[in-house]
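The values are calculated or read from the model by the stated rules, or taken from the named source; none is laboratory data. As the structure is a prediction and not an experimental result, all values here were calculated from the model. For neighbour counting, all protein chains shown are included, and Cβ atoms are generated from backbone atoms with ideal geometry for every residue, glycine included.
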Amino acid sequence: MRSCLVPVLVAVLLALAPARPEAWGPDGHRIVARIALAHLTPRARLEIERVLAGDDFIEAANWADQVRGDRPETYNWHFVDVPYGIDEYDPARDCPQLEGGDCVLAAIDRLRVVLGDPTADRLRRVEALKYLIHFVGDMHQPLHSITNADRGGNDVLVDLGGEQPSNLHAVWDRALVARRNLDEASFAKTLLDQLAERPTAAGPVDPRAWALESHAVAEQVVYRFPEFTPGRPPPRPITLDAAYWERAAPIVDQQLTRGGIRLAALLNAIFPG
């Protein structure tokens, strides 16, 4: 009886708990996917089209969030909580196997094997691809690679002038993207034009290094607000001044761009030409 009740109980608890918002929001994930699509090799693009069999690569970027509520065992796959003040990844500490899954790094390791196996079940390969498109975007949102005993910034309340305070995680998921006042296709084109002018190499396909880089960005930029204290969230809603928004804007561009070209690099490596 216990084995039947535990998964149900976990699903209920996860549903009742304050949700950890999706990284970047739907627009941000599509932007990452658009940048990746533009940097796929012909071989990788062909193989991906075969796997998707008519599904849209851009729209697939948000599938992992859409099914998350029905798959509580994937809850933790969207992030890795490396503690603030620590610059190394420890799988035992940061990626334990829990009822909600392990972490984004372990998930990516498994999924890239499934996607690259032509003998694997087709549905498993389709889902592996959709998860990879989403998870590489996730890990480039800085608060998906860190926690300051605040659930990746979810417990840092932010006063944005509304009736209810937002939180730091939501600011980086959505507010900073929305402040550009561009639809996602135009935002992606802007970043692609910048890449054409100043090409950026993806570097080695190393998700652990990407996560630690995002972790460093969170320490150096995201958590640089006056009320910050290591080890705990502020006791009351904070206000982000104009200087904070100004520092953050180019970092959002940087992380979306990195996510896109690195997603392409990962998929190109899975399907070498």
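Data table
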| quantity | calculated |
| --- | --- |
| Checklist (1) of a type in the set (A, V, I, L, M, F, W, C); (2) at pLDDT 95 or above; (3) more than 30 Å from Asn268 (Cβ to Cβ) applied to Val136, failing item | (3) |
| Yes/no for Arg112 being modelled with pLDDT of 95 or more, surrounded by fewer than 22 Cβ atoms within 10 Å (Cβ to Cβ), charged (D, E, K, R) and under 28 Å from Glu47 (Cα atoms) | yes |
| Long-range neighbours under 6 Å by Cβ, at least six apart or interchain, first residue touching a residue at least 60 places away in the same chain (Cβ under 8 Å) and surrounded by 15 or more Cβ atoms within 10 Å (Cβ to Cβ) within segment 45-59, second in a loop (DSSP other than H, G, I, E, B) and not acidic (Asp, Glu) | Glu47/Phe271 |
| Qualifying residue in segment 25-34 (condition: assigned to a helix (DSSP H, G or I), over 14 Å from Asp173 (Cβ atoms) and at pLDDT 95 or above) | yes |
| Output for segment 24-55, where each listed residue is closer than 18 Å to Asn268 by Cα and not aliphatic (A, V, I, L, M) | Arg34, His39, Thr41, Pro42, Arg43, Arg45, Glu47, Glu49, Arg50 |
| Matching residues, segment 192-202, being assigned to a helix (DSSP H, G or I) and in contact with a helix residue (DSSP H, G or I) (Cβ under 7 Å, 6 or more places away or on another chain) | Leu192, Leu195 |
| Count of residues meeting criterion [at pLDDT 95 or above, surrounded by fewer than 20 Cβ atoms within 10 Å (Cβ to Cβ) and closer than 29 Å to Asp81 by Cβ] in segment 192-211 | 5 |
| Filtered residues of segment 140-191 (kept if assigned to a loop (DSSP other than H, G, I, E, B) and surrounded by 22 or more Cβ atoms within 10 Å (Cβ to Cβ)) | His140, Gln141, Ser145, Ile146, Asn148, Gly152, Gly153, Val156 |
